[in-house]
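The values are calculated or read from the model by the stated rules, or taken from the named source; none is laboratory data. Given the structure is predicted, the values throughout are model-derived calculations rather than measurements. As a convention, Cβ positions derive from the backbone with ideal geometry for all residues, glycine included, and neighbour counts pool all protein chains shown.
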Amino acid sequence: MTTDPKTPDAAGAGPAKRAPAGAAVLREDVTEAIRAAVFAELAAVGYARMSIEGIARRAGVGKTAVYRRWSSKLHLVLDLVSAVAAQGLPAPATGSLYGDVRALIEVLAHALRHPVASQVIPDLLVEAVRNPEIAEAIRAALLDPRRGVAAGLVRDAVARGDLPEGTDVDRVLELVAGPLYWRMVVVRTETTEGPEGYDTHMDDLAKAAVAALTA
């Protein structure tokens, strides 16, 4: 006799359940492996030469596993860039303008030292010139969070009387992030360590930025 799947069996079990389909069966470990492969592939060949085939091969999965999650490499990269934005950026709160600027420089330098980030970010910035979607994602993930942190730095400095009202937040980022990015990503000159173990270049950069902001 055939049992109706909607009818409880003799043991009192409930109706038979169908296995989940679609997004419900996507394994998180596979998703993370693909994300890691994208970063590695971007660092190795750049966005223009990156392919779904290369990502799948590096992740040890089939192309179907990638396409079930993202419709194209553009959407895959945009998803990763958006994930960076969600991580946030620690806001310096040392109680002094120099301390806050120095702390901000340290945070930015730490991010730029990452071997993948140092190659991926410049490549995406190049692509952003040609692709408005990437440009908007980069702005949301990299620029807006840093501008928010710089705005907090300025707000605290104004409240202490270290900076005047109306100090330009973008100028803070230009004075701090610009030279650091140029040195570590464009020229690729690593910072040097002083005799006490602190980074003398970043100390000098913080002093110069504070002097310019308070001039």
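Here are the numbers for the structure shown:
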{"quantity": "Lone qualifier among Ala103, Ala109, Ala48 - being part of a helix (DSSP H, G or I), modelled with pLDDT of 75 or more and either charged (D, E, K, R) or outside the structural domain of Ala137 (by TED's automatic domain parsing) (or both)", "calculated": "Ala48"}
{"quantity": "Complete set of residues in the stretch 41-50 that are charged (D, E, K, R) and touching a Ser or Thr at 6+ places or on another chain (Cβ under 9 Å)", "calculated": "Glu41"}
{"quantity": "Odd one out for Ala23 among (1) modelled with pLDDT of 70 or more; (2) more than 19 Å from the chain's Cα centre (by Cα)", "calculated": "(1)"}
{"quantity": "Criterion (within 14 Å of Leu104 (Cα to Cα), in contact with a helix residue (DSSP H, G or I) (Cβ under 9 Å, 6 or more places away or on another chain), at pLDDT 85 or above and β-branched (Val, Ile, Thr)) met by exactly one of Val172, Val129", "calculated": "Val172"}
{"quantity": "Unmet requirement for Val154, which otherwise passes all of (1) in a loop (DSSP other than H, G, I, E, B); (2) aliphatic (A, V, I, L, M); (3) surrounded by 14 or more Cβ atoms within 10 Å (Cβ to Cβ)", "calculated": "(1)"}
{"quantity": "Residue check for Thr167: modelled with pLDDT of 85 or more, touching a helix residue (DSSP H, G or I) at 6+ places or on another chain (Cβ under 6 Å) and not small (Gly, Ala, Ser)", "calculated": "yes"}
{"quantity": "Subset of the stretch 26-65 that is β-branched (Val, Ile, Thr) and closer than 20 Å to Glu133 by Cα - its residue that is nearest to the chain's Cα centre (by Cα)", "calculated": "Val38"}
{"quantity": "In the stretch 135-150, the residues that are of a type in the set (A, V, I, L, M, F, W, C) and modelled with pLDDT under 85", "calculated": "Ala137, Ile138, Ala140, Ala141, Leu142, Leu143"}
{"quantity": "Residues of the stretch 51-87 classified as closer than 19 Å to Glu136 by Cβ and either out of contact with any Ser or Thr (no Cβ under 8 Å at 6 or more places or on another chain) or modelled with pLDDT under 85 (or both), total", "calculated": "17"}
